[in-house]
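Single-structure report; data block below.
The values are calculated or read from the model by the stated rules, or taken from the named source; none is laboratory data. Keep in mind that what you see is a predicted model, and the values were worked out from it rather than measured. Glycine gets a Cβ as well: all are built from the backbone with ideal geometry, and neighbour counts include every protein chain shown. For accessibility, only protein heavy atoms count, side chains too; no ligands or nucleic acids. Shrake-Rupley method; radii C 1.70, N 1.55, O 1.52, S 1.80 Å.
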Amino acid sequence: MNKFEQLGLNESLLLAIKDLGFENPSEVQEKAIPVLLEQNTDLVALAQTGTGKTAAFGFPLIQKIDAENRNTQALILSPTRELCLQITNEIKLYSKYIKGLHTVAVYGGASITEQAREVKRGAQIIVATPGRMQDMINRGLVNIKNIDFCILDEADEMLNMGFYEDICSILSDTPDEKNTWLFSATMPAEVARIAKQFMSNPEEITVGHKNSGSATVSHEYYVVNARDRYEALKRLADANPDIFSVVFCRTKRDTQAVAEKLIEDGYNAAALHGDLSQAQRDGVMKSFRGRQIQMLVATDVAARGIDVDNVTHVVNYQLPDEIETYNHRSGRTGRAGKLGTSIVIVTKSELRKIHSIERIIKQKFEEKTIPSGIEICEIQLLHLANKIKDTEVDHDIDTYLPAINEVLDGLSKEELIKKMVSVEFNRFINYYKSKRDLTGERGSDRERSSEPREIRAGDPVRYFINIGARDDFDWMQLKDFIKETLDLGRDDVFKVDVKEGFSFFNTDGEHTDKVMSILNGYDMNGRRINVEISKNDGGGRRDHNGRNSGGGRREGGFRGERSGSSSRREGGREGGFRSDRGSAPRRDGGFRGERSSSAPRREGGFSDRAPRRAESAGDSSRPRRPRRS
């Protein structure tokens, strides 16, 4: 007997389950399905992303729906349009053998009149995003006053995205006697408040521990200087040749910038964020599911709809603003019982966040060091050797063997192996032999050759910055700009003194690396920011409170590449990483002849198969690496 039969599912659903290849229910399905089938009850189910929650509520919902009644009987709310479409498609697959059952997706970015028309034709199940659903209710385009079921999927994420008022308003428009099923990965206070306000004595199901991480995901972190964050990302990708990953950034701007840099450096990458059209997002996801993209750089909101099997790594290029969001990120990997790895790239000042996350997910992180260039070359060499060994021979090549043998005549077996492997290996060794290691970043190996004196963590440091009142800043606006751009705390920026064309500000010495690496070269509305350490910390200048602000002689700092979060004053080029352009490794897994660049290109050749990146505005004169023909 199929284990799904033991849960009480009917024949139509079992046929669909068989077609889908499901054999054993997941833990949340085993716990939720019998309760929802046998009882007319409210339910709170806590389970990590990727544990099969859609089927856990989808199967019993479909079985309880009256397909002969064309009125709307169920509403499923989800945080994003991607997840809305994904749930809709899954419900349609589950109900394929039930005649007359219709499911309609209602989400922003598509025609509201067409969606209203589909609902009016008869939709027993509506899957919707909160914003669009509230809009349709306000316009009188949908009636949910008589529904029997309301499901909140990814409830914590919906509330985290600011949909609390919309959800309360939507639920207030539904009947009190309905059943409400709430599914969530974590249980923050707002989710508990929704449950208390709109649910009656709900059953509670917990898979694992509340707010805990998945047991199939290992967690590791790498401490680097802020200026080395992007270089660290590349090295981690190179050290995992078969990586199939989602890379998380905090903002749309950083997401686009990191994806563009990866593409230019030869990696199979693409960006996924809210500024893309629906057609662009669909194209990116299609390429990612087809593994034409190996590194999908995404914002937290856009990634809510990602349901792709066999993701090997989640990379936290920047930690999320809300610690609970980390659970959602790491849930992209380690699905269906498979193992996955969640990587965090942090600076020394962010280590406290790692400890906070450990307490929430109840799992320990392993601290690791960024692989050296030699270690990466060794990994790539063995990967190439294994790939050659495992390659299936297409015997169509036999036709060309005489000509090939003639070309290679006189080479011994050892010489042939060396030359064949060197076709790809030389690119990595040539790139990495001149690169410094990124180890020892916890403070022992910091490069401060540009600093006039030793800066200790507790010492205040005075900086000159080449923006001021003529750029529409007063002291408070400049403080907010610096604080948000550097992701610093409220009191970490002080003694801000704004002049007409320049300004001064202070931070503690522990933030010096971040200030110099992120702000230097930062593009603000086409204006390139320059920050320098002031040599004189006394000096008679006064800040807005009349205190000594120390505006003495200035000294040049190092111009690192930009990283970290973007400011609220956006403009100019989307992103602005300007590091070693033209020298990054390009990696390739096949014999593709000579390239215009000697650096290795990553497997698969993004320019051949994956969607092209969006063209960026401005800065068109900077050098570009020639692309392969």
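Tell me whether segment 29-117 comes out rounded, prolate or oblate; compute the Cα gyration tensor, take square roots of the eigenvalues as a ≥ b ≥ c, and use a/c under 1.5 as the rounded threshold. Judged from the Cα gyration tensor, segment 29-117 comes out oblate (a/c at least 1.5, b/c at or above a/b). Computed from backbone phi, the HN-Hα couplings of segment 307-323 come to 10, 10, 6, 6, 5, 7, 9, 10, 10, 8, 4, 9, 5, x, 5, 9, 4 Hz, rounded to whole numbers (Karplus: 6.51 cos²θ - 1.76 cosθ + 1.60, θ = phi - 60°; Gly and Pro given as x).
Roughly speaking, what % of Cα-Cα pairs in segment 313-444 are separated by over 24 Å, rounded to a whole number? Don't skip to the answer; put the middle values down first.
Details: 4812 of 8646 pairs.
Tail of the P(r) past 24 Å holds 56 percent of the pairs.
Among rounded, prolate and oblate, which fits segment 293-381 when a ≥ b ≥ c are the square roots of the eigenvalues of its C-alpha gyration tensor, a/c under 1.5 means rounded, and a/b larger than b/c means prolate? Spell out each step's value before the answer.
Working: a/c = 1.66, a/b = 1.12, b/c = 1.48.
Because a/c hits 1.5 or more and a/b fails to exceed b/c, segment 293-381 counts as oblate.
Distances between placed amide hydrogens fall under 5 Å for ALA45 paired with LEU182, PHE183, SER184, ILE205, all partners being 5 or more residues away or on another chain. Annotation for ARG352 and THR399: the two label points, set 7 Å from Cα along the Cα-Cβ direction, are 6.8 nm apart. In terms of distances greater than 20 angstrom between alpha carbons, the cross-link table entries LYS261/LYS348; LYS389/LYS418; LYS53/LYS353; LYS252/LYS353; LYS120/LYS145; LYS252/LYS495 yield LYS261/LYS348; LYS53/LYS353; LYS252/LYS353; LYS252/LYS495.
Couplings 3J(HN,Hα) for segment 372-389, derived from phi with the Karplus relation 6.51 cos²θ - 1.76 cosθ + 1.60 (θ = phi - 60°), are 6, x, 5, 4, 5, 4, 5, 4, 5, 5, 5, 5, 5, 4, 5, 5, 4, 4 Hz, where x marks Gly and Pro. Ignoring aspartates and glutamates fewer than eight residues from LYS368 along the same chain, the ones with Cα atoms less than 15 angstrom from its Cα are GLU220, ASP437, GLU441. Both radii were evaluated on the Cα set of segment 368-429; the Rg over Rh quotient, with Rh as the Kirkwood radius, amounts to 1.09. Full extension of the chain between ARG193 and ILE379 gives 61.9 nm of extra length, using 0.36 nm per residue less the Cα-Cα distance. Each residue of segment 86-103 was assigned a 3J(HN,Hα) from its phi angle through the Karplus expression (A = 6.51, B = -1.76, C = 1.60, θ = phi - 60°), giving 5, 4, 4, 5, 5, 4, 5, 5, 5, 9, 4, 9, 10, 5, x, 8, 10, 10 Hz with x at Gly and Pro. Max-minus-min Cα coordinates of segment 1-58 on each principal axis give 29, 25, 16 Å, with the largest extent listed first.
Semi-axis lengths, largest first, of the ellipsoid equivalent to segment 142-230 are 34, 17, 10 Å, with √(5λ) applied to each eigenvalue of the Cα gyration tensor. In the P(r) worked out for segment 95-204, what percent of Cα pairs fall beyond 20 Å? Pairs farther apart than 20 Å: 42 percent. Our note on the geometry: Cα centres of segment 262-300 and segment 170-244, 22 Å apart.
Kindly sort TYR94, TYR164 by accessible area of their heavy atoms, largest first, with the probe set to 1.4 Å. Before the final figure, lay out each step's value.
Values: TYR94 10, TYR164 50 Å².
My answer, sorted largest first, is TYR164, TYR94.
Under a 5 Å amide H cut-off, with hydrogens placed 1.01 Å from N, LYS499 pairs with ALA469, PHE504 among residues at least 5 apart or on other chains.
Between ALA298 and VAL247, PHE248, CYS249, LEU272, the built amide H atoms are under 5 Å apart, and every one of these is 5 or more places off in sequence or on another chain.
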